[in-house]
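Below is one structure, written out as structure tokens; comments come after it.
Computed from the coordinates by the stated procedures, all read-outs in this text should not be read as laboratory data. Everything numeric here is computed off the predicted structure, so don't read it as measured data. Please note: Cβ atoms are built from the backbone with ideal geometry, for glycine as well, and neighbour counts cover all protein chains shown.
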Amino acid sequence: MRVLLLAACAVSFAAAPRAHAQGAAPQSILVAPAPAAATSEKPDDLALRYYASLDQRARVRAEFSRLRRLYPNFEPPADLYGPRRGDVDEAGLWELFSSDRLDELRENIAARRKDMPGWRPSDDLIQKLKQKEQRNQIFAFWREGRWLDIASFARDGRFFIANADAEAQWTIAEAFARTGQINEAVEVYKAIFVSNEDKHIRLATMQKAMATLHMADVETLLVEARKSSKGPEDEFAAVAIDITRARIVAVLRDERKDEISADELQRFENFAKFTREPQQLGLVAWLRYKRRDFRNALESFKAAIENGGDAMIAHGLAHTLRALDLRREAEEVSYAWRVPLVNNGILFLDLLERDLTQETPPYLEPARLARYAAVTIESASGEGAQGLGWYAYNSCQFDVARFWFERAVAWFPKEATLYGYVLTLKRLRKDKEALELINRYDGLFPKLVELLFPDDYYHPPFPCDSRVAAKAHGPAVKMAGYVVPGPAGPALAAERDRLRVEAEKKEATTPDAAKVAAQEQQRERVLKAVRGRFPLAVTAENPLRFAPLPLVAARSASAQPAPVVAAAVPVGLRTEPLGGKAPLVARRVPGVGPMPSERYGFILSPGWNAVDLASWPPASEQVAPTGTQWANQEADPAWIGQQKADAATQLTASAAEHVATAMAPRNRYGAAPPPPDLAAVLSLPSSKQSQTR
């Protein structure tokens, strides 16, 4: 028993497995101590006498306690330590039983019954033999991991749980928990607390329950166990830290609604600081992060890192720094820990992507651009590649932009990426390739089709068309297998501001009648320009294929201008089989808004669900449903930054009306749908601009 208790105390609780079943719960079983027998029934004291004959006083006391529970008025016989007349000696049988030689015991019983007709072994021996055989069967299932068989064995009534030893009851409870029969597992644990006063068994039982059950069920057991406790002190004080740890884990997993008391949390924090274990300090840090206490979470994460915290602790540190708008520090942390944990590499790419995709690209140090490009090419990140593509395009580095947009389209072909790729191809006078992309994604990406069917608004000239293009960026750097964009220069920002002011003046001074006439003329020019170019029958398969590029140690350190990058070449992947000719008319995609070509009279084939109407608002512009993880993420200061969260809460009604107007379809699409709810617009995320440039 001592070995069993030590084994139970060594169980790990922070990452204990839990079993949960879905669907209807099975019929509950009743686990209770054996009912007291009638006072007229004579107790079977053969086992008591046997232990007394061997002078095993501890077993005598245990057997006496068992008989006393079954027969409250039972008293030990006066001749307990002496022979009793008329009894058949079962000492040999009990010796076989004690040594677990059950097959020999069965053979001896059969032989004795053959030699002594009418004789039968004592009821106590029969009952104990049956229980031991069933116990052995349960542990045979346990060794093979047959949890369902253990649960079925216990539920079929072939094993009286209330009279089993603690180890067997622990195994049965674990089997119930692993097979999703949580209520049955809780009942077995309750029965152990009711029928046992041994503080070691009770403590080990609580530890076993914490390793197999949800903390909510453990809380129920704690209440029941304290009801049956005989001592005035808290018998679970030795595992109080473990209980608090399990409660913190339950809060982090959204399995506990009740707050942890300040005193209890302070005791655990003191324990974590005393032990200086990074896992314990990390739990405190993650709890503070979840409570939006970012300042204190930062200190806890730093303490955990200083004491040997792992990559997941560093991940929390980087998220906390981002929540505090310390993005550069978060970038350094996530980059340093990107190898042990892929999540840190993803976070590193996400942090700098916002700066890379700005319309006016900021100056970024060449070393930062180089390491960002290295991580992108090594991880085959479509998001990172499109960020570098936009940075190169907006800083007038079109050859470099093509290199990165090609890889972004191969790894993650979303609308913003395809839009940048087509713009780059048009800048490089690759009109045939651009038309093929526009026709391939007709019906799915409206921004691409709008390049052939422009809207009715005036757009300022691109700064790269002016004289500042030569000063727009520094030299690009060619590396082994990829190219790093040169840093953007300050001349672009001033030129873009100048062009924007001129565009606003021109839009404000143009009469409405002139705008209408210009629209009619533009309609005729557009229809004439797209004749023979749209629609086109193109294959639906994306031909771009690029494998991740393992980085080599030796890299070029020379800062020489990058040469023109060659076109994309497939890496040997087999193409998807396509049957028949490519369709001329694109198919409508559910969740996508109207195509710009539709206002010029072009049509789309019905979608796969036979719906022939465009979705409005499109799925990309819909407000995240309340209660979803998306909505919680967009409202989380740790995700979008504390400053953005504060600014979002101060959004005025006039600003909301402006957003609603921008979301509403223009008259050229036909009848406008009802205006969106302003309350819903207020919660519209503002960090999705990279999806629709």
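Can you give me the Cα centroid spacing of segment 431-488 and segment 593-629 in angstrom?
25
Kindly state, to the nearest 0.05, the FRET efficiency for Asp55 paired with Asp293, given R0 = 60 Å and r defined as their beta-carbon distance.
0.40
Starting from 0.36 nm per residue, how many nanometres of slack lie between Thr626 and Asp115 once their C-alpha separation is accounted for?
Extra length available between Thr626 and Asp115 comes to 175.9 nm.
Please arrange Val409, Val239 by how many other C-beta atoms lie within 10 Å of their C-beta, fewest to most.
Ascending number of Cβ neighbours within 10 Å: Val239, Val409.
Separation between the Glu359 and Asp165 pseudo-spin-labels, each 7 Å from Cα along Cα→Cβ, expressed in nm?
Those two pseudo-labels are separated by 7.8 nm.
Sort Val194, Val585, Val251, Val449 so the one with the fewest other Cβ atoms within 10 Å of its own Cβ comes first.
Val585, Val194, Val251, Val449
Quick one: the Cα spread of segment 357-529 along its three principal axes, in angstroms, biggest first?
56, 37, 22
By count of other Cβ within 10 Å, fewest leading, how are Phe176, Phe236 ordered?
Phe236, Phe176
Between Arg533 and Lys432, 0.36 nm times their residue separation minus their Cα-Cα distance comes to what?
The Arg533-Lys432 span can extend by a further 35.4 nm.
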